1. Of all helices (runs of 4 or more DSSP H) completely enclosed by region 131-249, which ones contain at least 3 residues that are at pLDDT below 95 and more than 23 Å from the chain's Cα centre (by Cα)?
2. Restricting attention to region 23-32, does a residue exist that is more than 17 Å from Y55 (Cα to Cα), more than 18 Å from the chain's Cα centre (by Cα) and surrounded by 14 or more Cβ atoms within 10 Å (Cβ to Cβ)?
3. What are the residues in region 38-67 that are in a helix (DSSP H, G or I) and either closer than 18 Å to R8 by Cβ or among the β-branched types (V, I, T) (or both), if any?
4. Looking at region 81-100 only, could you name the residues that are among the β-branched types (V, I, T) and farther than 18 Å from L31 by Cβ?
5. Just name the residue that is modelled with the highest pLDDT out of those in region 250-262 that are within 15 Å of L194 (Cβ to Cβ) and not hydrophobic (A, V, I, L, M, F, W, C).
6. Could you list, in sequence order, the residues of region 33-59 that are of a type in the set (G, A, S) and either buried (at least 17 other Cβ atoms within 10 Å of the Cβ) or over 20 Å from the mean Cα position of the chain (by Cα) (or both)?
7. Evaluate region 114-121: report whether one residue or more is touching a residue at least 40 places away in the same chain (Cβ under 8 Å), part of a helix (DSSP H, G or I) and crowded, with 17+ Cβ neighbours inside 10 Å.
8. Out of all the residues in region 175-191, is one or more touching a residue at least 40 places away in the same chain (Cβ under 8 Å) and under 14 Å from A254 (Cβ atoms)?
Amino acid sequence: MPDFITSRQNEIIKRASRLSSSADFRREQGLFMAEGARLCCDAAKSGAEIKTLFYTAQAGEKYRDYIGAIQAAAQETYEVEPHVAPLLSDTKTPQGVFCVCGMRRSADRLDDLKTGLHYLALENIQDPANLGAVLRTAEALGIGGVILGGSCCDVYSPKVLRASMGAVFRLPFYLQADLVSAIESLNNRGFVTLAAVPNAAAKKVTAVNFQKPAVLVVGNEGNGLTSAVIAACSEPVTIPMLGRAESLNASASAAILMWEMMREKSGGVGNVS
């Protein structure tokens, strides 16, 4: 049976609430908050460390099967009163299911990248919805993992978690504050590093031969890649466009580039040599 929390002043609730609102507190504690029956269940089934499960009585009835799977993995379980649940929520209409999870360990080891796979690198992505969408697409297309370079927004923020549809729990990612050094290391290991730029003079991504392990590098929503990162990469590439738009949204660009990089592996038409 779960323990009960009836007060909004409960210290357990206050601490869990800070995990939703503060990236610094998440990093300090090595914990993050997931919200929603499906997302929390996905965390449990994906092997995430479930420290604490919170749910309301109404959610316990409505999402019985989900909660059963989460509770089986949780170290602690609390039933909270309906007036307490909004303190844990980052949404306007919470489902009443929340879990505190442990962050993945060793998320910065580039040595773990396998040379037989393709990867994506992101520099200074600031929009959590964009980052979440990129992670979701990367997992769907079979990308080996994502390198988060520079000052990307927090991968464990509630908006990233929701937009990723659980990809954060399964897709390998690597935190690299110094993306230039990371790219240089990857070059030395035999990866082809490709800087995505909105420049018609750059090589069309459709003309790239992706037989060798590659890392596609996508930049910030407003400013693109920094000049230092572009210079560190093996070659600049671009998405050929026939319309009047000069550039694409970061998540749209990443999706097109990843699909092109993976289409031979997925059984699509062959790449141009």
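1. On the way: elements: 158-164, 167-170, 179-188, 227-232.
Per the criteria, no element qualifies.
2. Scanning region 23-32, I find at least one residue that is more than 17 Å from Y55 (Cα to Cα), more than 18 Å from the chain's Cα centre (by Cα) and surrounded by 14 or more Cβ atoms within 10 Å (Cβ to Cβ), so the answer is yes.
3. Passing the criteria: A57, Q58, A59, I67.
4. Of the residues in region 81-100, the ones among the β-branched types (V, I, T) are 84, 91, 93, 97, 100.
Those that are among the β-branched types (V, I, T) and farther than 18 Å from L31 by Cβ: V84, T91, T93.
5. Taking the candidates together, the pick is E260.
6. Passing the criteria: A34, G36, A37, A43, A44, A48, A57, A59.
7. No; the residues of region 114-121 include none that is touching a residue at least 40 places away in the same chain (Cβ under 8 Å), part of a helix (DSSP H, G or I) and crowded, with 17+ Cβ neighbours inside 10 Å.
8. no
The values are calculated or read from the model by the stated rules, or taken from the named source; none is laboratory data. These figures come from a predicted structure and were not determined experimentally. Note that we place each Cβ from the backbone using ideal geometry, even for glycine, and neighbour counts take in every protein chain shown.
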